[in-house]
1. Six or more apart or on different chains, Cβ atoms under 7 Å: show the pairs whose first residue is in segment 69-90 and touching a residue at least 12 places away in the same chain (Cβ under 8 Å) and whose second is exposed (fewer than 11 other Cβ atoms within 10 Å of the Cβ) and among the aromatic types (Phe, Trp, Tyr).
2. Starting from segment 33-54, keep only residues that are within 17 Å of VAL79 (Cα to Cα) and without any contact (Cβ under 8 Å) to a residue 40 or more places away in the chain, then list their pairs with residues that are among the charged types (D, E, K, R) and crowded, with 17+ Cβ neighbours inside 10 Å whose Cβ atoms are within a distance under 7 Å, requiring at least 6 positions of separation or different chains.
3. Considering only residues of segment 93-111 that are out of contact with any Pro (no Cβ under 7 Å at 6 or more places or on another chain) and free of Cβ contacts under 8 Å to residues at least 40 places away in the same chain, which is nearest to ARG11 (Cα to Cα)?
4. Taking LYS61 as meeting all but one of (1) of a type in the set (Lys, Arg); (2) under 10 Å from the mean Cα position of the chain (by Cα); (3) modelled with pLDDT under 95, write down the number of the exception.
5. Just checking, which of LYS71, LYS61, LYS86, LYS101 is closer than 19 Å to THR34 by Cα and surrounded by fewer than 17 Cβ atoms within 10 Å (Cβ to Cβ)?
6. Just to be sure before I move on: is THR34 out of contact with any Asp or Glu (no Cβ under 9 Å at 6 or more places or on another chain), polar (S, T, N, Q) and more than 13 Å from LEU106 (Cα to Cα) in the structure I sent?
Amino acid sequence: MEAKALKKYIRSSPRKMRLVIDLIRGKKASEAFTILKFVEKLAARDAEMVLKSAISNLTAKNEDYVPDNDKITVKEAYVNQGPTMKRIRPAPMGRAYRIRKRSNHLTIVVEAEEQ
């Protein structure tokens, strides 16, 4: 049995989010929460929220299922690029530099061992 959670338009670049997501892919949920708790990156907070949501979706799918984080595995975790906001910053000699404020979409799929 598996469940999925998705968070869109996260205000962080996809490259920074992938550094965090690569740490938890394929791990047990309890180990993933421990890793995310001690990673000193802002993207870890969003990843933890999405992981909690995926586990909650898993329990909502099957009402008689009691979640045990040692039996739940992060099956898939991937980051896609979201829209980029483009801004202009004044530069010397009348020029303008473009600032790209990137965003991403995070998807986490969890799978529970059969009881």
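The values are calculated or read from the model by the stated rules, or taken from the named source; none is laboratory data. All of these numbers come straight from a predicted model, not from anything done at the bench. Note that each Cβ is placed from the backbone with ideal geometry, even for glycine, and that neighbours are counted across all protein chains shown.
1. Note: pairs meeting the criteria are GLY82/TYR9.
2. LEU36/GLU48
3. The qualifying residue nearest to ARG11 (Cα to Cα) is ARG100.
4. Going through the list (1) of a type in the set (Lys, Arg); (2) under 10 Å from the mean Cα position of the chain (by Cα); (3) modelled with pLDDT under 95, LYS61 breaks only (2).
5. Values: LYS61 fails: closer than 19 Å to THR34 by Cα; LYS86 fails: closer than 19 Å to THR34 by Cα; LYS101 fails: closer than 19 Å to THR34 by Cα.
None of the others qualify; the one that does is LYS71.
6. On the way: out of contact with any Asp or Glu (no Cβ under 9 Å at 6 or more places or on another chain): yes; polar (S, T, N, Q): yes; more than 13 Å from LEU106 (Cα to Cα): yes.
Judged against the criteria, THR34 is a match.
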